[in-house]
Amino acid sequence: MTPAADLPDTFDMAQGKLTVDLGAICANWRDLSDRSQSDTGAVVKADAYGLGAGRVSQALAQEGARQFFVATAKEGAQIRKALGSGPDIFVFSGHMAGDTDDMRDAQLTPLINSIDQMLRHVEALPGHRFGIQLDTGMNRLGMEEAEWSALRDIALAQNPALVMSHLACADDPSHEMNARQLANFIAMTDGIDAPRSLAATGGILLGEDYHFDLTRPGVGLYGGLPYVDARPVVTLDLPVIQVRDVLPGESVGYSNTWIASVPTRVATVSGGYADGIIRAMGNDAHMWAGETRCKILGRISMDLIGVDITPVEGEPETLELLGLHQSVDTAADWAGTIGYEILTSLGARYDRVYLTA
Ligand SMILES: *Cc1c(COP(=O)(O)O)cnc(C)c1O
């Protein structure tokens, strides 16, 4: 345990500790970057998938990242404060009404999604940098073929900073959608001078046909699938508040869903679904006391979880939910979701501690 004297004033002993290994994020970026001949950007939307966009962006800029991607102009303005001038900050949602001040003041590059957005952009900020987002089949963001045909020559004449699209099924290399979207992207962009981008984490792993000039990894940086070789980034330790002995026939937690069949030592840890520990993880979920695996008992509450520590010697001060023993994807499997959702759900109440390389 870190001595309390070293902790920030605001540290609350009943709060979980989320440790973010910035060195591991940088190592993941470097490794993903080594897998292509292209430039490698970094997707830091949603507060860098819940891990802290300011700290993460600064670390990645120091590692060499020069193109950052966010979902909204507000996120972009925040990243600009952390990065200072220099790196590109691209905004996936494009140029929305009300975004103009942020676009100009924070020098953001909107990824234009429609003719309407293009008109808004050139009227509000003539000569201001922009990119183009194309729809190649996902039907989420970007111009479709007909819209792009109408705008293409006008847009290309203004030297877009990037022309990009996004893959719907890149986490499954065998999915026929990948080749179909690749063919559409090539058909829509062949021969243009502007830099092109198609691949996020999954697309990088599909191979060089998908790399073009710039890749845009997100989840892989943060240790999540489909990047199986990722270095783990996140450790989540929850403090034990109380330990009690439970006799056969007694229950633990709401609705009595778990009833002891043998004498059981139960730790109550601080943390719950209000902190993004999804209640549906329930029955399969475990935590770790050092090298000892401990089963979560009964329902996960809003702020508390009961854990079987019978096999543990002594009283542990904390139990680990995420770390070397189990990843965000392990926890995602328990809850029937994906690592992305576990990461972005990690709550605001944790003390976030950053490890630098
Ligand atoms: C979120 C996102 C990414 C990053 O995807 P990962 O799967 O996390 O690597 C890249 N491009 C777009 C358009 C996105 O929305």
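Among the conditions (1) under 21 Å from PRO110 (Cα atoms); (2) outside the structural domain of ALA59 (by TED's automatic domain parsing), the only one that ALA199 does not satisfy is (2).
Residues considered: LEU214, LEU247, LEU205. Of these, the only one that is touching a helix residue (DSSP H, G or I) at 6+ places or on another chain (Cβ under 9 Å) and either of a type outside the set (Ser, Thr, Tyr) or not assigned by TED's automatic domain parsing to the domain that holds GLY52 (or both) is LEU205. Take the stretch 224-251 and flag every residue that is closer than 28 Å to THR136 by Cβ and surrounded by 15 or more Cβ atoms within 10 Å (Cβ to Cβ). Answer for the stretch 224-251, where residues must be closer than 28 Å to THR136 by Cβ and surrounded by 15 or more Cβ atoms within 10 Å (Cβ to Cβ): GLY224, LEU225, PRO226, TYR227, ALA230.
Is there any pair with a first residue in the stretch 90-116 that is at positive phi and surrounded by 18 or more Cβ atoms within 10 Å (Cβ to Cβ) and a second that is modelled with pLDDT of 95 or more and in a helix (DSSP H, G or I) whose Cβ atoms are under 7 Å apart and which are 6 or more apart or on different chains, and what are they? Going by the 7 Å Cβ cut-off, the qualifying pairs are GLY94/GLN117. Considering only the stretch 58-113, give the strands (runs of 3 or more DSSP E) lying wholly within it that have at least 3 residues that are of a type in the set (A, V, I, L, M, F, W, C) and within 13 Å of the ligand (Cβ to nearest atom). Of the strands (runs of 3 or more DSSP E) lying wholly inside the stretch 58-113, those with at least 3 residues that are of a type in the set (A, V, I, L, M, F, W, C) and within 13 Å of the ligand (Cβ to nearest atom) span 67-70. Restricting ALA260, ALA280 to those that are in contact with a helix residue (DSSP H, G or I) (Cβ under 8 Å, 6 or more places away or on another chain) and of a type in the set (A, V, I, L, M, F, W, C) reduces the list to ALA280. When the residues of the stretch 327-357 are filtered to those that are of a type in the set (Gly, Ala, Ser) and closer than 13 Å to TYR273 by Cβ, the one that is surrounded by the most Cβ atoms within 10 Å (Cβ to Cβ) is ALA331.
In the stretch 228-235, is there at least one residue being more than 16 Å from the ligand (Cβ to nearest atom) and in contact (Cβ under 8 Å) with a residue 60 or more places away in the chain?
yes
When you check ARG216 against the structure, is it within 15 Å of the ligand (Cβ to nearest atom) and of a type in the set (D, E, K, R), yes or no?
Yes: the conditions hold for ARG216.
When GLN133, GLN158 are checked against the criterion of being under 23 Å from GLY41 (Cβ atoms), within 16 Å of the ligand (Cβ to nearest atom) and not aliphatic (A, V, I, L, M), a single residue qualifies: GLN133. When the stretch 262-317 is filtered for residues that are among the small types (Gly, Ala, Ser), in a loop (DSSP other than H, G, I, E, B) and under 19 Å from GLU250 (Cβ atoms), the ones remaining, listed by number, are GLY298, SER301. Only residues that are within 16 Å of the ligand (Cβ to nearest atom), loosely packed, with under 15 Cβ neighbours inside 10 Å and within 19 Å of GLN37 (Cβ to Cβ) were counted in the stretch 170-209, giving 1.
In this structure, is ALA71 in contact with a Lys or Arg (Cβ under 6 Å, 6 or more places away or on another chain), surrounded by fewer than 18 Cβ atoms within 10 Å (Cβ to Cβ) and not assigned by TED's automatic domain parsing to the domain that holds GLY339? Criteria met by ALA71.
The values are calculated or read from the model by the stated rules, or taken from the named source; none is laboratory data. In this text, all values refer to a predicted model and were calculated from it rather than measured experimentally. Cβ: placed from backbone, ideal geometry, glycine included. Neighbour counts: every protein chain shown.
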